[in-house]
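Colleague: After the structure tokens below, expect a handful of questions from me.
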Amino acid sequence: MKELTYFNGEFVEPGAKVISIDDRGYLFGDSVYEVVRVVKGRCFALSYHQDRLYRSMREMDIPVKMTPDDLTELHEILIEQSEIKEGYIYLQISRGVAPRHHAYDRSKLEPQMLMSIRTLDLDEVNKTTNLIPNILAQTKAEKKFAYTAILFRDGICTEGATSNVFAVKDGILYTHPADNHILKGITRQMILTRVAPSLGITIIEKEFDRNFVDDADELFFTDTIGGVIPITKLDRNPVSGGKPGAITLRLREALEKLMEEGLP
Ligand code: PDD
């Protein structure tokens with residue numbers, strides 16, 4: 001088993017200095033990324049990640065050089081060559097390399113593609129690459145020995161620093177609507193469209209505030225790396241008696257089952 005990095009069509013040593021200092025991803029955060037889970041040597045929900053990637057690229061006007069089939073094949077090659085069965089693949093595409101100037105000239109830029117496959121370290125947390133508020137919040141949380149942070153915008157609970165947030169109240173599942181105030185997580189989408197419906201759990205996508213969070217019976221995060229992540233303590237106060245909530249655990253288990261079964 002070997003962690004691998006692939007940059008613009010070639011395998012390079014992990015950590016290799018291959019990114020130009022004029023790369024717009026480096027200079028401006030002018031790039032997009034995806035993180036896909038590898039489960040039992042297969043990508044989980046790759047087509048969903050690819051839909052989001054292609055949408056991000058279209059909206060950012062970054063030319064798409066690769067078909068979804070080519071991209072799928074590359075993911076498969078990384079898995080095959082690394083022999084990693086449980087891990088994740090990080091993919092980043094920047095607009096390209098050019099002397100620093102804010103406006104871009106599409107005709108003079110060649111998108112740069114970086115991919116890496118890593119084994120999963122479950123202690124690690126984590127789709128333009130502009131995540132400054134999230135990075136600051138995560139750093140602040142870790143300095144206080146917290147796992148992560150919940151973000152509020154004008155008093156409304158939006159998402160986690162590196163995840164989406166759900167609350168359970170009286171058996172109903174609540175999460176922020178999929179608008180431009182949150183990153184529309186694929187795991188969130190899985191919970192809403194497949195996992196919760198399969199368990200007959202009602203879902204309401206609506207805005208809620210800090211009081212609602214404090215009154216919730218259960219709270220959890222979702223992201224590709226951790227799946228359903230129970231919240232058992234918030235600002236030092238126990239959540240659901242300091243233990244993962246029952247509905248949270250049912251959702252976690254059902255998501256894990258779906259991941260084991262696989263989804264293209
Ligand atoms: N982060 N919100 C934010 C701010 C995120 O960074 C992430 C994921 C999510 C959840 O998205 P998904 O379910 O598609 O992973 C929500 C990834 C894991 C990362 O940046 O590494």
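Colleague: Among 77, 19, 62, which is the only one that is among the β-branched types (Val, Ile, Thr), more than 16 Å from the ligand (Cβ to nearest atom) and in contact with a Lys or Arg (Cβ under 8 Å, 6 or more places away or on another chain)?
Modeller: Matching residue, one of 77, 19, 62: 62.
Yes/no matrix, rows are residues, columns are (1) surrounded by 18 or more Cβ atoms within 10 Å (Cβ to Cβ); (2) within 17 Å of the chain's Cα centre (by Cα); (3) within 16 Å of the ligand (Cβ to nearest atom); (4) within 22 Å of residue 120 (Cβ to Cβ):
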residue	(1), (2), (3), (4)
33	no, yes, yes, yes
40	no, no, no, yes
45	yes, yes, yes, yes
73	no, no, no, no
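Colleague: Could I ask something else about it? Pairs please, first residue from segment 105-132 and at pLDDT 95 or above, second anywhere and exposed (fewer than 10 other Cβ atoms within 10 Å of the Cβ), Cβ atoms under 9 Å, 6+ apart in sequence or on different chains.
Modeller: Short answer, once both residue conditions are applied: 113/9.
Colleague: Could you check, for segment 247-254, whether at least one of its residues is surrounded by 19 or more Cβ atoms within 10 Å (Cβ to Cβ), within 15 Å of the ligand (Cβ to nearest atom) and part of a loop (DSSP other than H, G, I, E, B)?
Modeller: First, pick out the residues of segment 247-254 that are surrounded by 19 or more Cβ atoms within 10 Å (Cβ to Cβ): 247-248, 251-252, 254.
The next check asks that each one be within 15 Å of the ligand (Cβ to nearest atom); those that pass are 251-252.
Pick out the ones that are also part of a loop (DSSP other than H, G, I, E, B) and you get none.
No - not one qualifying residue is present in segment 247-254.
Colleague: Now a separate question. Could you please find all residues in segment 179-233 being within 16 Å of the ligand (Cβ to nearest atom), hydrophobic (A, V, I, L, M, F, W, C) and assigned to a helix (DSSP H, G or I)?
Modeller: Those that are within 16 Å of the ligand (Cβ to nearest atom), hydrophobic (A, V, I, L, M, F, W, C) and assigned to a helix (DSSP H, G or I): 186, 190, 191, 192, 195, 196.
Colleague: Same structure, new question: Select the strands (runs of 3 or more DSSP E) contained entirely in segment 70-173, then report the ones holding at least 3 residues which are over 14 Å from residue 35 (Cβ atoms) and hydrophobic (A, V, I, L, M, F, W, C).
Modeller: 150-153, 164-169
Colleague: Just checking, which of 100, 118 is in contact with a Pro (Cβ under 9 Å, 6 or more places away or on another chain) and either under 23 Å from residue 25 (Cα atoms) or surrounded by fewer than 15 Cβ atoms within 10 Å (Cβ to Cβ) (or both)?
Modeller: Numbers: 100 fails: in contact with a Pro (Cβ under 9 Å, 6 or more places away or on another chain).
Just a single option satisfies the conditions, and that option is 118.
Colleague: Can you tell me which of (1) more than 22 Å from residue 35 (Cβ to Cβ); (2) under 23 Å from the mean Cα position of the chain (by Cα) is the one residue 242 doesn't meet?
Modeller: The number of the failed condition is (2).
The values are calculated or read from the model by the stated rules, or taken from the named source; none is laboratory data. As the structure is a prediction and not an experimental result, all values here were calculated from the model. Heads up, the Cβs are rebuilt from the backbone with ideal geometry, glycines too, and the neighbour counts pull from every protein chain shown.
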